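Undergrad: A single structure is presented below for examination.
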Amino acid sequence: MPSFHNKHEDITNKIYSGELIMPHRYVFVLTNLCNLDCNFCFQDRDRRDDAMTTQDWLNVVKQLPEYARVTFTGGEPLAFKDFEVIVNAVADKHECNIITNGLLLSEKKIDFILSKPNFKVLSISIDDIGNLNRDVKPRQWQSLLAVIDYFHLRKKELKSDCILDIKTVVLDKNSSDLFSIHKYCVEVLKANTHAFQFLKGSHLQHSDKMHEMIDMYTTSNAPTYQHFDVILQQLEMIRQFNQTSICKTFVHPKICDLSSSQPIPKVSFINSARFKPQNYQACKFPWSSVHINVDGHLFPCIAVSMGNVKTTKLIDIIEGDLFKEFKSALSKHLVEGCNRCGWIRPNDNMSIINTINVE
């Protein structure tokens, strides 16, 4: 069975060529409410009067193409009161996954998730051992560990292929601990995959506030890391560890291969505040993936509304003039709003100029 990434790339190319019309991946922002208040989070947590209802979400599910895959996120998606209702509707026909902080997981919810063969990935956000960066209390952490143990137990009993994925935001605060975090995730949490994610470079990316199309051309300034050399050293330690590990490890943006037998390069461009769109490859991501915000606005990656699913059919939004304009812009070259997006890829020449081997 092909991996999700290979399948996604294949479907993306078919959409880009016109063989298929609808995107492959749909990110459902079920709620912007969250039980945590992480200081690096970019989302508002106000209760919305215009939030999508359960019936609104079910109406969207009916319009998804057969090959669709759905990611449930938030806020904290498990805080959505009818979470199981939406999952039931999606998992009946489509593969799906969730990105969660895990604190609202329970044995009952684990049993529910694992009862769905189409539920493929449980992603839990962990930025340090104990999740202290997210102000998680010791008793909450212990409860999370117990739930993860239960996940592995029930997964084995049910012969499920659902995988445990850990997502770690790379911060100056955890820069010297990235290797120990990874080792803990592999050896203690028994993660199947582990993704390290750099802070995004533009507030327009995956935001819960919609912006005008013109805003994506406005100069952006990505946050820079004071301990970037330490981060690269830690990533190199992870790469060496992975030579004998079965855990698949990723970094977003893909500045290096953490499974490679070769030392990782020192990629200076990723820690630059300014962004030069011409130094990057054109992007196919808007063809393959869209977000549906808590208020129903659909946007590709940069938070520019292409239309609202509460009032307009999905196919009409995808084939609408606004989406065509957006795709046309990014098919030529990237824009300032793409600064440090997880899906950007540098041109070969720029990659060579800006890389040297880590000592």
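Undergrad: Mind telling me which of the residues 122, 105 ends up being assigned to a loop (DSSP other than H, G, I, E, B) and under 21 Å from the mean Cα position of the chain (by Cα)?
TA: 105
Undergrad: Across the stretch 31-60, which residue is farthest from the chain's Cα centre (by Cα) among those that are at pLDDT 95 or above and farther than 17 Å from residue 297 by Cβ?
TA: 55
Undergrad: Scan 235, 330, 322 and give me the residue that is at pLDDT 95 or above and either open to solvent by less than 10 Å² (accessible area, probe 1.4 Å) or among the aromatic types (Phe, Trp, Tyr) (or both).
TA: Residue meeting the stated conditions: 235.
Undergrad: Same structure, new question: Could you check how many residues of the stretch 277-290 are part of a strand (DSSP E or B) and either of a type in the set (D, E, K, R) or open to solvent by less than 20 Å² (accessible area, probe 1.4 Å) (or both)?
TA: 2
Undergrad: Moving on to the next point. Name the single residue that is farthest from residue 55 (Cα to Cα) among those in the stretch 305-329 being out of contact with any strand residue (DSSP E or B) (no Cβ under 9 Å at 6 or more places or on another chain) and among the hydrophobic types (A, V, I, L, M, F, W, C).
TA: The residue in question is 329.
Undergrad: Which one of 244, 219, 249 is modelled with pLDDT of 90 or more and under 30 Å from residue 320 (Cβ atoms)?
TA: 219
Undergrad: Still on this structure, please answer the following. Applying the selection to the stretch 142-175, what residues are among the aromatic types (Phe, Trp, Tyr) and open to solvent by less than 20 Å² (accessible area, probe 1.4 Å)? I'd like the intermediate steps shown before the answer.
TA: Taking the stretch 142-175 first, the residues among the aromatic types (Phe, Trp, Tyr) are 150-151.
Scanning the stretch 142-175 gives a single hit, 151.
Undergrad: Sort out which residues of the stretch 259-276 are within 22 Å of the chain's Cα centre (by Cα), part of a loop (DSSP other than H, G, I, E, B) and either crowded, with 19+ Cβ neighbours inside 10 Å or not small (Gly, Ala, Ser) (or both), and write them in order of number.
TA: Result: 275, single match.
Undergrad: Going through the stretch 220-245 one residue at a time, which ones are in contact (Cβ under 8 Å) with a residue 12 or more places away in the chain, over 22 Å from residue 346 (Cα atoms) and either hydroxyl-bearing (Ser, Thr, Tyr) or part of a loop (DSSP other than H, G, I, E, B) (or both)?
TA: 226, 227, 245
Undergrad: Answer with yes or no whether residue 102 is of a type in the set (Gly, Ala, Ser), open to solvent by less than 20 Å² (accessible area, probe 1.4 Å) and either free of Cβ contacts under 8 Å to residues at least 12 places away in the same chain or out of contact with any strand residue (DSSP E or B) (no Cβ under 8 Å at 6 or more places or on another chain) (or both). Working first, answer last.
TA: Numbers: of a type in the set (Gly, Ala, Ser): yes; open to solvent by less than 20 Å² (accessible area, probe 1.4 Å): yes; either free of Cβ contacts under 8 Å to residues at least 12 places away in the same chain or out of contact with any strand residue (DSSP E or B) (no Cβ under 8 Å at 6 or more places or on another chain) (or both): no.
No.
Undergrad: List every residue pair whose Cβ atoms lie under 8 Å apart, where the two residues are 6 or more positions apart in sequence or sit on different chains, the first residue falls within the stretch 11-33 and is assigned to a loop (DSSP other than H, G, I, E, B), and the second residue, located anywhere, is crowded, with 20+ Cβ neighbours inside 10 Å and of a type in the set (Lys, Arg).
TA: 24/69
The values are calculated or read from the model by the stated rules, or taken from the named source; none is laboratory data. None of the values given here were measured: they were computed from a predicted structure. Positions of Cβ are generated from backbone atoms using ideal geometry, with glycine treated the same way; all protein chains shown enter the neighbour counts. For accessibility, only protein heavy atoms count, side chains too; no ligands or nucleic acids. Shrake-Rupley method; radii C 1.70, N 1.55, O 1.52, S 1.80 Å.
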